[in-house]
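**Q** The structure is given below, and queries will be raised subsequently.
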Amino acid sequence: MKSNNLMVNHVTYVILKLTAEQPPYHILADGPVDQAAVLEFAEQVAARPRRVAGMVAALSRQNFAMTFSKDHIYAHSTEIGAQAAKKYLLEQGYQDHEFEIFLEYTRSWGIM
Amino acid sequence: MATSTGIPNAVTTGTRFNAWYKREDSWSILIALGLIAAITAAFFSGGLGIFKAMAVTVPGWANDLGKLAAGLGSNSVGLLYLYGFFLVLFGVAARIMGYDLGRFAAGFTLLFLVSIIITVLGSNKFLKEWQLETPLLALIIGMAVGNTVRLPQWFHSALRTEFYVKTGIVLMGATLPFTIILQAGPMAILQATIVAVTTFAAIYFAATRLFGLEPQFGATLGAGGSICGVSAAIAIGGACRSEKEHVSVAISMVIIWAVAMIFLLPATAKFLGLAPGPAGAWIGTSEFADAAGFAAAEAIGDERAVKTFTLMKVIGRDMFVGVWALLVAFLSVTIWERKSAAQAEKVGVGEVWNRFPKFIIGFFIASIVTTLVITYADPKLGTLYNKEAIGAIKTLRGWTFTWTFLCIGFTTRFRELTSFGWKPFAAFAVGVAINVPLGYILSNIVFVEYWLGIK
């Protein structure tokens, strides 16, 4: 075997959910319900899309293309691998639980 | 990874592979189920003639060329129907999937012509005595040409091994009563699980513990050697974020061993005098890829071998690739990345569906439809349906498999496999050394009565 052909193509998706899994209702449930608590609630609700915006900007610099569906933003690239994408996001200060990665391989040609 | 809401298909498949109608699985299902529906409707409306004509079989011949010519001559219209029908169906699918239609049509035309030659040769009495029937001939001639001649690019457009084999598998569903699937399915799942878990573990631990390869690489090799070959290497490689190079090496391993097993398993089964049912189950357990496995099972020369192979491979092994993907994805983001479940990336159960080979749904639908027709039709009509309509489907399935076997041959170009070191080869070989004898023992000793019972 002398050849070093790669036998697959790939698409890496970074999936960014725009809203938190669970809104921070505990702020209102645990403490006094006043203006400060509601503003704190609003601040925390808004924090998630701000983080997503940062990741969108970071991934755009790596030439990821963006699409939107339901409450998710999907960044995809046929150049950057999944591990590289994850490493990059972690280096940018984001954490594992803030994104999901889906890597799809397909055959490069009609092999069995 | 799938989100809790699931990934929209159009997005999952990206800009290049897009929605469901861009996928071979979808078209395999549509074409095969459409064909089954059309044949069934034609049978009950008395218009089965065109499909019976299309279902061309080449009579056996020795050195009597006149008889052969007469047989082909009487089937010439049928061959034209067969060619035109599949050219249109595959062509429409190819166009929508984004292939160049002109190139595909030219390539399919050449593939079809070669398949006629192969079928004629495979019907020769002397070649049959040498065990060189259509499946093996297609492979040998395809590989001989593919590895010595630079094939034109337009021909490559029609070399879609997976497309043809998936269409054939859905058609296979129509010829396999659902009662047999219900009866033998649990046994197939049990046997496949024993072998898949054992083989996967053997390859994974050999790769990681003995040879020091990365866990992701070990898992991708293990999946290729234990679940469903190239498709599993691709699915599991994606699920655990294996590097592109590693997935390519795993695919190379699968191809090398799968091609070897196409010849070795049927030859050994015949040498040992195994009954067709257990022989097919053994091939279904120990062959590495669907297309290669069908070639090996067909080489047994008995429909029972193809049935037990299908039960083992499609129901026992292929169906569970999504579950494997979910498990491996979870391992990948937690244990291999040394993170707790709370810290790790989320892995959704949608992974199972995203990696599930959808053509299996078509296989089940096909089986249910024809079983219901036979069950609820008048007994005499049911018997006639089984003979004429299912008979035609079986012959058409045979043609899709012949195109598959030719494609395996033409696309298995050893010079284009990814180069690999001895470590992945050795790890994979450990799995083969366990998989093949274990598959033999389970199919021909432990569960032999079961497989003998499949008619």
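The values are calculated or read from the model by the stated rules, or taken from the named source; none is laboratory data. What you see is a predicted model; the values in this text were computed from it and never measured. Please note: Cβ atoms are built from the backbone with ideal geometry, for glycine as well, and neighbour counts cover all protein chains shown. Areas reflect the complete protein model, heavy atoms only, side chains present, ligands, DNA and RNA absent. Shrake-Rupley method; radii C 1.70, N 1.55, O 1.52, S 1.80 Å.
**Q** Using each residue's phi in region A:49-58, evaluate 6.51 cos²θ - 1.76 cosθ + 1.60 at θ = phi - 60° and report the 3J(HN,Hα) Karplus result to the nearest Hz, with x for Gly and Pro.
**A** Ordered by residue, 3J(HN,Hα) equals x, 5, 5, 4, 4, x, 5, 4, 5, 5 Hz.
**Q** How many angstrom lie between the C-alpha centres of region A:37-74 and region B:77-155?
**A** Cα centroid of region A:37-74 versus Cα centroid of region B:77-155: 51 Å apart.
**Q** Taking a ≥ b ≥ c as the square roots of the Cα gyration tensor eigenvalues, with a/c under 1.5 meaning rounded and otherwise prolate when a/b beats b/c, else oblate, which class fits region B:338-453? Intermediate values should be presented prior to the final figure.
**A** Details: a/c = 1.87, a/b = 1.56, b/c = 1.20.
It is prolate, given that a/c is not under 1.5 and a/b is the larger ratio.
**Q** Where the Cα atoms of region B:81-175 are projected onto their three principal axes, how long is each span, largest first, in whole Å?
**A** Reported extents, whole Å, longest axis first: 43, 38, 23.
**Q** On to the next question. With a cut-off of at most 16 other beta carbons within 10 Å, and DSSP calling the residue loop, which trypsin sites (Lys or Arg not before Pro) in region B:69-160 qualify? Please list them.
**A** On the way: sites: B:ARG95, B:ARG103, B:LYS125, B:LYS128, B:ARG150, B:ARG160; in loops: B:ARG150, B:ARG160.
When the trypsin sites (Lys or Arg not before Pro) of region B:69-160 are filtered for loop state and at most 16 Cβ neighbours within 10 Å, B:ARG150 remain.
**Q** Another question, then. What list of whole percents do you get for P(r) of region B:387-440, with Cα-Cα distances grouped in 5 Å bins up to the one holding the largest distance?
**A** Histogramming region B:387-440 at 5 Å steps yields 4, 14, 11, 11, 14, 18, 12, 8, 5, 2, 1 percent.
**Q** Oh, and also: Nearest-5 percent of antiparallel DSSP beta bridges in the protein assembly as shown? Kindly include the intermediate steps, with their values, before the conclusion.
**A** Working: 19 of 20 bridges.
The antiparallel proportion sits near 95 percent.
**Q** Can I ask one more? Average partner chain C-beta neighbours within 10 Å, per residue of B:414-420?
**A** On the way: counts 3, 4, 8, 7, 7, 5, 2.
Average neighbour count from other chains, rounded to a whole number: 5.
**Q** Additional query: Under 1.5 on a/c is rounded, so check that first for region B:355-396, then, if it is not, pick prolate when a/b is larger than b/c and oblate when it is not; a ≥ b ≥ c are the square roots of the alpha carbon gyration tensor eigenvalues. Walk me through the numbers on the way to the answer.
**A** Working: a/c = 6.44, a/b = 1.88, b/c = 3.42.
It is oblate, given that a/c is not under 1.5 and a/b is not larger than b/c.
**Q** Before anything else, pin down the relative contact order of chain B: Cα pairs under 8 Å, at least 6 apart, normalised by residue count, whole percent.
**A** Numbers: 704 pairs, mean separation 120.9, N = 455.
Normalised by residue count, the contact order of chain B is 27 percent.
**Q** Estimate for me the total accessible surface buried between chains A and B (protein heavy atoms, probe 1.4 Å, no ligands or nucleic acids), in Å² to the nearest 100. Mind dumping the intermediate values first?
**A** Numbers: alone 8010 and 18940 Å², together 22450 Å².
Protein heavy atoms only, the A-B interface buries about 4500 Å².
**Q** Still on this structure, I have one more. Note down the magnitude of the dipole of region A:1-57 about its Cα centre, charges +1 on Lys and Arg C-beta and -1 on Asp and Glu C-beta and zero elsewhere, to the nearest 20 debye. Before the final figure, lay out the partial values.
**A** Values: 5 positive and 5 negative charges, 122 e Å.
The dipole of region A:1-57 has a size of about 580 debye.
**Q** Under a 10 Å cutoff between Cα atoms, tell me which one of A:PRO24, A:PRO32, A:PRO49 has the largest fluctuation in the Gaussian network model of chain A.
**A** A:PRO32
**Q** Further question on the same structure: About the Cα centre of region A:25-107, how large is the charge dipole given +1 on each Lys and Arg Cβ and -1 on each Asp and Glu Cβ? Please answer in debye to the nearest 20.
**A** Details: 8 positive and 11 negative charges, 88 e Å.
It comes to approximately 420 debye.
**Q** Would you tell me the mean number of C-beta atoms belonging to other protein chains that fall within 10 Å of each C-beta in B:243-253, as a whole number? If you can, show how the numbers build up before the last one.
**A** Numbers: counts 6, 10, 4, 0, 6, 7, 3, 2, 8, 5, 0.
The mean count of partner-chain Cβ atoms within 10 Å per residue comes to 5.
**Q** Further question on the same structure: Could you work out the per residue convex hull volume over the alpha carbons of region A:25-107, in cubic angstrom? The partial results should precede the final answer.
**A** Details: hull volume 10.2 nm³, N = 83.
Expressed per residue, the convex hull around the Cα atoms of region A:25-107 is 123 Å³.
**Q** Using DSSP to define loop residues, name the trypsin sites (Lys or Arg not before Pro) in region A:12-74 whose beta-carbon has at most 15 other beta-carbon atoms within 10 Å. Walk me through the numbers before you get to the answer.
**A** Values: sites: A:LYS17, A:ARG50, A:ARG51, A:ARG61, A:LYS70; in loops: A:LYS70.
In loop regions of region A:12-74 (DSSP not H, G, I, E or B), the sparsely surrounded trypsin sites (Lys or Arg not before Pro) are A:LYS70.
**Q** Follow-up question, since we're still on this one. Spelling out what I want: for every residue of region B:285-297, take phi, set θ = phi - 60°, compute 6.51 cos²θ - 1.76 cosθ + 1.60 (Karplus), and round to whole Hz; glycine and proline get x.
**A** 7, 10, 7, 9, 9, 4, 4, 5, x, 5, 4, 5, 5
**Q** Still on this model: Pick out which of A:THR67, A:THR12, A:THR78 has the largest mean-square fluctuation in a Gaussian network model of chain A, springs linking Cα atoms closer than 10 Å.
**A** Of the options given, A:THR67 has the highest mean-square fluctuation.
**Q** Would you please name the chymotrypsin sites (Phe, Trp or Tyr not before Pro) within region A:24-112 that are DSSP coil residues with at most 12 other C-beta atoms within 10 Å of their C-beta? Walk me through the numbers before you get to the answer.
**A** Working: sites: A:TYR25, A:PHE41, A:PHE64, A:PHE68, A:TYR74, A:TYR88, A:TYR94, A:PHE99, A:PHE102, A:TYR105, A:TRP109; in loops: A:TYR25, A:PHE64, A:TYR94, A:PHE99, A:TRP109.
Those that pass, being in a loop and sparsely packed, are A:TYR25.
**Q** OK, next. Any idea what diffusion coefficient chain B gets from Stokes-Einstein, in µm²/s, Kirkwood Rh on alpha carbon pairs, 25 °C, 0.890 mPa s? Mind dumping the intermediate values first?
**A** Working: Rh = 22.6 Å.
Estimated via Stokes-Einstein, D reaches 109 µm²/s.
**Q** Mind listing the phi-derived Karplus ³J(HN,Hα) values for region B:169-182, rounded to whole Hz, using 6.51, -1.76 and 1.60 with θ = phi - 60°, and x for any glycine or proline?
**A** Once rounded to whole Hz, the list reads 5, 5, 4, 4, x, 5, 9, 10, x, 5, 4, 5, 4, 5.
**Q** Average partner chain C-beta neighbours within 10 Å, per residue of B:157-166?
**A** 2
**Q** Of B:SER231, B:SER340, B:THR148, which is farthest on the positive side of the dipole of chain B, counting Cα position, with +1 on Lys and Arg Cβ, -1 on Asp and Glu Cβ, and the Cα centre as origin?
**A** Of B:SER231, B:SER340, B:THR148, it is B:THR148.
**Q** A further question follows. Could you grab the relative contact order for region A:3-77? Cα pairs under 8 Å, six or more apart, rounded to a whole percent. Please list the in-between numbers first.
**A** Working: 67 pairs, mean separation 32.9, N = 75.
Over region A:3-77, the number comes to 44 percent.
**Q** Once you mark the GluC sites (Glu not before Pro) that are in a DSSP loop and have at most 13 other Cβ atoms within 10 Å, what is the longest gap between them in chain A?
**A** Values: sites that count: A:GLU21, A:GLU79.
Answer from the scan: A:22-78.
**Q** Here is a further query. Mind running the shape call on the protein assembly as shown? Use the C-alpha gyration tensor, a ≥ b ≥ c as the square roots of the eigenvalues: rounded below 1.5 for a/c, prolate if a/b tops b/c, oblate otherwise. Before the final figure, lay out each step's value.
**A** Numbers: a/c = 1.91, a/b = 1.72, b/c = 1.11.
Because a/c hits 1.5 or more and a/b exceeds b/c, the protein assembly as shown counts as prolate.
**Q** Let me ask another. Which is farthest toward the positive dipole end of region A:25-107 among A:MET66, A:GLY93, A:GLN35, measuring Cα position about the Cα centre, with Cβ charges +1 (Lys, Arg) and -1 (Asp, Glu)?
**A** Result: A:MET66, furthest along the dipole toward the positive end.
**Q** With +1 assigned to the C-beta of every Lys and Arg and -1 to the C-beta of every Asp and Glu, and no other charges, what is the dipole magnitude of region B:260-355 about the Cα centre in debye, to the nearest 20?
**A** Working: 9 positive and 9 negative charges, 47 e Å.
Once rounded to the nearest 20, the dipole reads 220 debye.
**Q** Also: Largest first and in whole Å, give the semi-axes of region B:143-295's equivalent ellipsoid, each being the square root of 5 times a Cα gyration tensor eigenvalue. Could you put the intermediate results ahead of the total?
**A** Working: eigenvalues 131, 108, 54 Å².
One finds semi-axes of 26, 23, 16 Å for region B:143-295.
**Q** Just how far, in whole angstrom, is region B:354-377 from region B:279-301 if you go by their alpha carbon centroids?
**A** Rounded to whole Å, the Cα centres lie 21 Å apart.
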